[in-house]
Amino acid sequence: MLRLDEHCINIGAWVTTEVTRRTLGGVLPCDEAPIRASTSNPRGRGPSIRFFVFSTSSAKLTTSHSPLILPMGRIHVLSETVANQIAAGEVVERPASVVKEMLENSLDAGATRIKISVEAGGKKLIQITDNGCGMVRDDAMLAFERHATSKIKNAEDLLSVATLGFRGEALPSIASVSRLRLETQAAEDPAGTVIEINGGKIARVEEAGLPLGTSITVRDLFFNTPARKKFLKAESTELSHIASLVTQYALAHPEKHFELHSATNAMLVAPPVAGYSERVYQVFGKETLDQLIAVASRQALERVGLPQPPPWRRKEEDGEVSEKDPGEMRIHGFVSKPEIQKLNRNSIFVFVNGRTIRDRLLQHALTEAYRNIIPPAVYPVVLLFLELPAGEVDVNVHPSKTEVRFRQQSVMHDFVRDSVRAALIKARPVPQFVTEMRAHATASQSLTPGAMTPDMTTGAQPWDPASGAASVAEFSDLANAAFANEARPGAPHVSEGMNGFALQAPVPPPISARFQFEGGIAVEANAAISLARGVDAIPDNGCAPALDVREEEEPTLASLSSLKPLGQIRNSFILAVNENGLWIVDQHVAHERVLFERILKQRAAQKVESQRLLMPIVLELSPAQQAVFAEISDELQHNGFEAEPFGARSVAVKIAPAGVDATAVEHMLHELLDQFSREEQSLNMEKIRARIAASIACHAAIKVNMRLEQNKMEWLLTELAKTDHPYACPHGRPVVLRYSMKDIQKAFKRI
């Protein structure tokens, strides 16, 4: 029964002694709807009775005149337990949400060593132990009150939140749907504090001798909300979410020690290391690190995103109003090479001021950075860390704090897009022949635990900077020069013999690819291995020594200008060689990339080459195509087209871009109009310009099955080396593949 405040009913008429208490369903017993009456006669008009009703139902009062129905309100305040469970529905979605909230609390407490233990995917047990600052007894008790926090004090602090947590909802929400035990010890407190809470109710509070720091144990998650527990996934699925989350925070904080243990084994043991590249090597191995390109950039902000207070509220120095320094934005991390492609965005990890987020603005910026480099339906692997002033990002957007809002969205979008694009242009990675042949877009995450080399199965291989790839050293130098604060204060010293990796993963089976040769002979890629096992091997005594190939950096596409073309394969692929190995160039997409960038430059200079058609081409357009044509007609004209209306639903094309065959003009325009009509999002001018340039380049480029002279092949390779993105056509297909000397020698069993 809900207790209401005193509801006073004044009756100025004569009232009989009969007072009937009724609900909508029947008469209430007297003990369920007590009514207290007091007599008074303030106006001298007869007795006045004041009733105090404590009931959720309506009271029916019978007077000498007519019955009086007094309905009660339907709105009431929920109990604290119900309110906490509702808040838990927003904050605690699954066991990984519990790990996230408590992990962020440990990081905010200044912990340098964090250990996470889980059982049954977090359904039975989640325990997080850290060596942070801990809490005194009063703070530990107050921490389980709603909206109790040490991170902020007033509304102005919400404009510049510098910590991972600040809402004060996590602990009471988690405690309301689990059996929670808190053990904490602060340096200034002589004794530690132990608190046990079951379903939001405090069961025990006592003192104990504990180590410095905090340990929180959560058992039987959702034990009192079976409907929520029913929607949890399998234990392996929940455990994978926890492992992914802990791995992300381990990557974001390389100076801290992270451990993740399940009931059977240690899933992650990541001691502190010197930098981010070392952490990637430590967690994922050298093979994964070699597939990534380092990104590092900074840009000063031109203004402060927050609204400025009026001049009379600003601080005055020397008689002048002081202007606040807007600060700067910094980005560093890794992005994948174009041949690494994923079917979804699950391999994109972005951190803003150490907080893992999912932001559509940044995802769109990354998509734009890879535009015309990879196909539009696939996504790269990204691990980026953004650092900017706390006032430039609003983290008070979602209860789980996984979404943010930037004060200067367009500035942030362009900064991320241009930084990643510049890194791709500078690296100009060469797709490897074997890697590209086996590569295909996958839905699995690339940055997941398990990328181990065979030598690391013992888990005792330390990080050796001398053995790292060139990209690792390059990124370390670049990041150290760009960010002086990467070596964070208080970062622990890393010993050389420290265990750097402890992840286990099933080894994928070897791929036996089949190569087809003319003449009907089929050769297995691993045939040489099986043949060697089938016969007695005769020692070669050095008759086939390995070639003396000097160690050098991974070649980039800048070496395209040194290629010597040998000929064509089926008049479609150019075969060329240089000191770096054997190269295969797709002549159509190579010429397409050359023309694409040339058209964009001519369009920017307004010097597009065009040709007048002998006879105008009349195009019949659908209503949707007519709407698109009206929108992009000006841009078509700037790209070398001249078309005018010819009837109700037709246009006549008189001039077309140079190089495009007249027979292909109609097909190209219909293709463009259909693409734009199917576009769901609004088109900006830059995207329209790129689409038109890509279509013109595709139809004007050298075709397959076209014989090329030696000088024509040399010209094409030289022009390709001058482009900004020679590794992919505008549609994202690879242009060149390289078969390195190392791969060739391995295939011939020389090494």
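The values are calculated or read from the model by the stated rules, or taken from the named source; none is laboratory data. Everything numeric here is computed off the predicted structure, so don't read it as measured data. Quick reminder, even Gly has a Cβ in these numbers, built from the backbone with ideal geometry, and neighbours come from all protein chains shown. Note: areas computed on protein heavy atoms with side chains; ligands, DNA, RNA excluded. Shrake-Rupley method; radii C 1.70, N 1.55, O 1.52, S 1.80 Å.
Before moving on, here are some points about what is shown:
- In the stretch 287-313, residue modelled with the lowest pLDDT [restricted to those that are of a type in the set (D, E, K, R) and open to solvent by 70 Å² or more (accessible area, probe 1.4 Å)]: Arg313
- Subset of the stretch 615-632 that is assigned to a helix (DSSP H, G or I) and of a type outside the set (Val, Ile, Thr) - its residue that is most open to solvent (accessible area, probe 1.4 Å): Glu631
- Residue within the stretch 650-657 that is open to solvent by 50 Å² or more (accessible area, probe 1.4 Å) and more than 30 Å from Leu560 (Cβ to Cβ) present: yes
- Index of the failed condition, Thr129 passing every other in (1) modelled with pLDDT under 90; (2) within 28 Å of the chain's Cα centre (by Cα); (3) not in a helix (DSSP H, G or I): (1)
- Scanning the stretch 633-677 for residues that are β-branched (Val, Ile, Thr) and either more than 17 Å from Arg612 (Cβ to Cβ) or part of a helix (DSSP H, G or I) (or both) yields a total of 2.
- Of all residues in the stretch 106-115, those satisfying the criterion of being assigned to a helix (DSSP H, G or I) and surrounded by fewer than 24 Cβ atoms within 10 Å (Cβ to Cβ) are Leu107, Asp108.
- Of the criteria (1) out of contact with any Ser or Thr (no Cβ under 8 Å at 6 or more places or on another chain); (2) within 30 Å of Gly192 (Cα to Cα); (3) of a type outside the set (D, E, K, R); (4) in contact (Cβ under 8 Å) with a residue 60 or more places away in the chain, which one Leu268 fails: (1)
- Scope the stretch 696-733; condition assigned to a helix (DSSP H, G or I) and polar (S, T, N, Q); matching residues: Gln710, Asn711, Thr718
- Unique match (being among the hydrophobic types (A, V, I, L, M, F, W, C), closer than 21 Å to His731 by Cβ and touching a residue at least 60 places away in the same chain (Cβ under 8 Å)) among Leu343, Leu383, Leu388, Leu366: Leu343
- Residue match in the stretch 662-684 (condition: open to solvent by less than 20 Å² (accessible area, probe 1.4 Å) and of a type in the set (D, E, K, R)): no
- All conditions but one from (1) of a type in the set (Ser, Thr, Tyr); (2) open to solvent by less than 30 Å² (accessible area, probe 1.4 Å); (3) assigned to a helix (DSSP H, G or I) apply to Thr214; the one that does not is (3).
- Pick from the stretch 224-243, criterion outside any loop (DSSP other than H, G, I, E, B) and over 26 Å from the mean Cα position of the chain (by Cα), ranking: farthest from Thr264 (Cα to Cα): Ala227
- Hits in the stretch 167-183 - residues which are open to solvent by 10 Å² or more (accessible area, probe 1.4 Å) and touching a Ser or Thr at 6+ places or on another chain (Cβ under 8 Å): Arg167, Gly168, Arg181, Glu183
- Lys712 vs. criteria of a type in the set (Lys, Arg) and exposed (fewer than 14 other Cβ atoms within 10 Å of the Cβ): no
- Within the stretch 599-614, considering residues that are open to solvent by 90 Å² or more (accessible area, probe 1.4 Å) and without any contact (Cβ under 8 Å) to a residue 12 or more places away in the chain, the one farthest from Gln637 (Cα to Cα): Lys601
- Flag for Phe222 being touching a Ser or Thr at 6+ places or on another chain (Cβ under 9 Å), at pLDDT 85 or above, farther than 24 Å from Arg355 by Cα and not basic (Lys, Arg): yes
- Within the stretch 619-635, the set of residues being out of contact with any Ser or Thr (no Cβ under 6 Å at 6 or more places or on another chain) and either acidic (Asp, Glu) or modelled with pLDDT of 90 or more (or both) comprises Glu631, Asp634, Glu635.
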